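Asker: The following block contains the structure, expressed as structure tokens.
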Amino acid sequence: QVQLVESGGGLVQPGGSLRLSCAPSRDIFNINLMGWYRQAPGKQRELVAVVTNGGTPNYGDSVKGRFTISRDNTKNAVYLQMNSLKPEDTAVYYCYADGLGYRYWGQGTQVTVSS
């Protein structure tokens, strides 16, 4: 069973930065889309950012201009650089990967933005 292993969450002050990382526990072939979703308490899971295997990103409206997604296809890893963090960015962030015939989610990593 493949697991997506996330790291980098934590507590940060408003205006600060964090970098999330995610990679599968074993090799996955032909990954198409990788990225991040988030879910705040009492809200639905929403898109943060995803990137295709060709490097084309897609961002949720609330993070455009502040977050940057990147991907290392040699490691099947995906990263999320989060700058200018706001309290409303507080959520559990889930890594995501899909390809032909499969879809995987990570267990989630907590990001808390608070003074």
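The values are calculated or read from the model by the stated rules, or taken from the named source; none is laboratory data. This one's a predicted model, so the numbers in the text were calculated from it and none came from an experiment. Because the Cβ atoms are built from the backbone with ideal geometry, glycine has one as well, and the counts that use them run over all protein chains shown. Surface accessibility is based on the protein's heavy atoms, side chains included, excluding ligands, DNA and RNA. Shrake-Rupley method; radii C 1.70, N 1.55, O 1.52, S 1.80 Å.
Asker: Under the condition of being open to solvent by 80 Å² or more (accessible area, probe 1.4 Å) and within 13 Å of the chain's Cα centre (by Cα), which residue from the range 6-45 is nearest to Tyr93 (Cα to Cα)?
Answerer: The residue in question is Arg45.
Asker: Further question: Please count how many residues of the range 85-98 are outside any helix (DSSP H, G or I), open to solvent by 10 Å² or more (accessible area, probe 1.4 Å) and of a type outside the set (Lys, Arg).
Answerer: 5
Asker: Then there is this: Quick test of your reading of the structure: Thr90 fulfils all but one of (1) over 10 Å from the mean Cα position of the chain (by Cα); (2) without any contact (Cβ under 8 Å) to a residue 40 or more places away in the chain. Name the failing condition by number.
Answerer: The number of the failed condition is (2).
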